[in-house]
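Nothing in this text is a laboratory measurement; each read-out follows from the coordinates by a stated rule. Computed from a predicted model, the values in this text were never measured in an experiment. Here the Cβ is made from the backbone with ideal geometry for all residues, glycine too, and neighbour counts use every protein chain on show.
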Amino acid sequence: MDAITHPRPVERIVAGQPTSDGAGVRLVRMLAQPLQRRLDPFLMLDAFGSDEPRDYLAGFPDHPHRGFETVTVMLAGRMRHRDSAGHEGLLEPGGVQWMTAGRGVVHSEMPEPAEGRMEGLQLWLNLPAADKMREPWYRDLRADEIPEAIAAGVRARVIAGRALGIDGAVQRAATEALLVDLQLEPGARFAHALPASHNAFVQVVAGAVVIDGASVAAGRMAILANPPEADGVVLAAGAGAARVLLAAGRPLNEPIVQYGPFVMNSQQQIAQALHDFRRGVLA
Ligand code: FE2
């Protein structure tokens with residue numbers, strides 16, 4: 001575990017906005033356009049979780065993306081993915097799907113008919129301008145394909161970047177994205193070195209954590225401040241167990257222009273994306 005002398009304080013706790021997307025999937029949008037600049041390179045975070053199939057069964061039928069990457073972390077339930085590049089996969093509990101839309105894909109994300117709980121997170125990670133039109137890329141990571149480190153009451157599943165001395169499943173040079181699914185036993189503490197300039201947040205999935213004196217409850221996202229002297233993030237579980245997603249990355253500091261499922265650098269590129277989609281170029 002890294003030694004941290006100046007931990008990041010919490011700048012703000014976000015409750016998120018309940019909404020629905022796709023064909024009517026109920027979710028809580030934690031990160032949307034007003035926070036894109038603040039949390040650059042992250043563009044969006046949706047949290048979904050329901051015991052009621054009517055809240056999720058309609059799924060996300062065919063829709064396009066261009067210009068960024070989507071990372072879906074499945075916590076409960078199953079979702080089938082199909083895309084225009086011929087990829088298909090079933091996302092199962094504990095699994096992660098990483099999709100680089102690049103110049104464009106059309107895909108569907110549909111829950112497998114089932115009883116019971118469906119829960120997960122979907123994060124959008126931006127691509128640098130130079131990579132926005134790259135070839136699409138896709139990977140389904142089963143739970144047992146995600147590198148895992150265990151340390152003093154902490155189980156860290158390293159999806160991207162490097163933590164507790166192990167490399168995650170995916171590495172991104174431009175954003176140095178760090179994505180860690182952390183499960184903490186009661187009283188356990190996790191400390192991780194992080195450059196002060198990297199934007200970071202903690203999404204609490206279950207339980208509660210304390211970050212530099214601030215308690216953050218389940219379903220909340222804590223935006224971590226970037227004081228120049230800060231050398232990392234420290235979080236601790238209270239009397240109960242906790243599970244959080246820690247995300248951090250180097251800001252791209254490039255223009256962000258979003259129109260629905262397209263995130264580019266200029267209005268002209270958005271117009272091109274719409275034009276290409278209507279001509280069927282993305283499919
Ligand atoms: Fe999608």
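Tabulated data
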item: Members of the range 121-141 that are within 13 Å of the ligand (Cβ to nearest atom), part of a strand (DSSP E or B) and either surrounded by fewer than 18 Cβ atoms within 10 Å (Cβ to Cβ) or not aliphatic (A, V, I, L, M) (or both); result: Q122, W124, Y138
item: Any strands (runs of 3 or more DSSP E) falling wholly within the range 1-100 and containing at least 3 residues that are of a type in the set (A, V, I, L, M) and in contact with an Asp or Glu (Cβ under 8 Å, 6 or more places away or on another chain); result: 25-31, 68-76
item: Residues of the range 85-99 satisfying the condition of being closer than 24 Å to V257 by Cα and either away from the ligand (no atom under 12 Å from the Cβ) or basic (K, R) (or both); result: W98
item: Hits in the range 257-283 - residues which are assigned to a loop (DSSP other than H, G, I, E, B) and under 24 Å from D83 (Cβ atoms); result: G260, P261, N265, R279, G280, V281, L282, A283
item: Entirely in the range 143-243, the strands (runs of 3 or more DSSP E) that have 1 or more residues that are closer than 20 Å to M74 by Cβ and touching a residue at least 60 places away in the same chain (Cβ under 8 Å); result: 154-160, 178-184, 199-206, 221-224
item: Residue check, E109 of a type in the set (D, E) and more than 16 Å from the ligand (Cβ to nearest atom); result: no
item: Subset of the range 228-283 (residues that are hydroxyl-bearing (S, T, Y) and touching a helix residue (DSSP H, G or I) at 6+ places or on another chain (Cβ under 7 Å)); result: Y259
item: Identity of the residue in the range 46-68, farther than 18 Å from L121 by Cα and crowded, with 20+ Cβ neighbours inside 10 Å, that ends up nearest to the ligand (Cβ to nearest atom); result: P64
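Condition check ((1) within 13 Å of the chain's Cα centre (by Cα); (2) farther than 19 Å from G249 by Cα; (3) within 13 Å of the ligand (Cβ to nearest atom)) across all residues:
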position	(1), (2), (3)
I13	no, no, no
A32	yes, no, no
P41	yes, no, no
T70	yes, no, yes
A76	no, yes, no
H81	no, yes, yes
R103	no, yes, no
